[in-house]
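What follows is a single structure, written as structure tokens, with notes after it.
What follows draws every value from the coordinates through simple rules; no lab data is involved. If you're wondering where the values come from, they're calculated on a predicted model, not measured in any experiment. Because the Cβ atoms are built from the backbone with ideal geometry, glycine has one as well, and the counts that use them run over all protein chains shown.
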Amino acid sequence: MIELPLAGTGRKIGIAPTKIIAVGLNYREHVKESVSGRKLPDALPSEPVLFAKTPNVLIGPGEAIVIPALIDGYHFEDARVDPEAELAVIIGKRGRRIPEEQAFDYVLGYTCFNDVSQRNFQYLDTSGWFRGKSLDTFGPIGPVVVSRQDIGDPQKLNLYSRINGALKQSGNTADMIFSIPRLIAFISKHFTLEEGDLIATGTPKGISPLHPGDVVEVEIEGIGILRNPVEAERI
């Protein structure tokens, strides 16, 4: 479990989801950079692209993203681990087949999420994205939770990522292909959403690789800056 402060209170929220449902290709410009040179359709998705990240990925602010030593054994020509700045939705109560117009009633709050991805595994595994997305420490979250009531309009938030202080991603949640209510409604048709579950809502363009010794930041307007160092695994 990760404990994060609830902004504006003296309380902390325990983050212990039964599942983390992530959304791929949910920003138009990121779709363009993702399909370049890869076997992905170049049209915008007609429905949300979902994949899972397992709870073992979760780490808090200041904790290290650890690049597994096992990657070295594959001798990839270009071994690549990328951060992805995302707005995370924290579900506040159990729901199934939630109507779009009621979706926000099921939201506890929002925080920053870094969907760290091992690209070689992600694009080479015939089983899909599971392994490349669910390595230990590949899901930093924080630095605080902002309640649904305090966030304002979650579809009008600027978000950024930086590596060693250099700006890499810059976008706005208004650029999502599928809005938060649409995502909640779509996901809850397929899976019951439980209290504490996370939805990572996608990332804007500007994906850049991480290396040991880097410091990566995810910043979202109204929430703050999630900062994590990057280390190579020592075995």
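Descriptive notes on the structure:
- Selection within the stretch 65-102 - in contact with an Asp or Glu (Cβ under 6 Å, 6 or more places away or on another chain), more than 22 Å from I13 (Cβ to Cβ) and crowded, with 16+ Cβ neighbours inside 10 Å: V66, P68, E84
- Members of the stretch 204-235 found to be buried (at least 21 other Cβ atoms within 10 Å of the Cβ) and touching a helix residue (DSSP H, G or I) at 6+ places or on another chain (Cβ under 6 Å), listed by number: P204
- Qualifying residue in the stretch 131-140 (condition: out of contact with any helix residue (DSSP H, G or I) (no Cβ under 6 Å at 6 or more places or on another chain), free of Cβ contacts under 8 Å to residues at least 24 places away in the same chain and not basic (K, R)): no
- Filter result for I235 (assigned to a loop (DSSP other than H, G, I, E, B) and out of contact with any strand residue (DSSP E or B) (no Cβ under 8 Å at 6 or more places or on another chain)): yes
- Residues (more than 16 Å from the chain's Cα centre (by Cα) and not small (G, A, S)) located in the stretch 120-145: N120, F121, Y123, L124, D125, T126
- Neighbours by Cβ (under 9 Å, 6+ apart or cross-chain): first from the stretch 58-74, farther than 13 Å from N228 by Cα; second of a type in the set (F, W, Y) and crowded, with 19+ Cβ neighbours inside 10 Å: I71/F121; Y74/F121
- The number of residues in the stretch 121-169 that are of a type in the set (F, W, Y), under 20 Å from N228 (Cβ atoms) and in a loop (DSSP other than H, G, I, E, B) comes to 1.
- Among (1) among the hydrophobic types (A, V, I, L, M, F, W, C); (2) buried (at least 18 other Cβ atoms within 10 Å of the Cβ); (3) part of a strand (DSSP E or B), the one test that L183 misses: (3)
- Screening the candidates I91, I98 for the property of being farther than 19 Å from V146 by Cβ, in contact with a strand residue (DSSP E or B) (Cβ under 8 Å, 6 or more places away or on another chain) and touching a residue at least 40 places away in the same chain (Cβ under 8 Å) yields one hit, I98.
- Annotation note: of F130, F138, the sole residue that is crowded, with 21+ Cβ neighbours inside 10 Å, of a type in the set (A, V, I, L, M, F, W, C) and out of contact with any Pro (no Cβ under 9 Å at 6 or more places or on another chain) is F138.
- Here is the figure for the stretch 156-178: residues that are under 16 Å from the mean Cα position of the chain (by Cα) and free of Cβ contacts under 8 Å to residues at least 40 places away in the same chain total 2.
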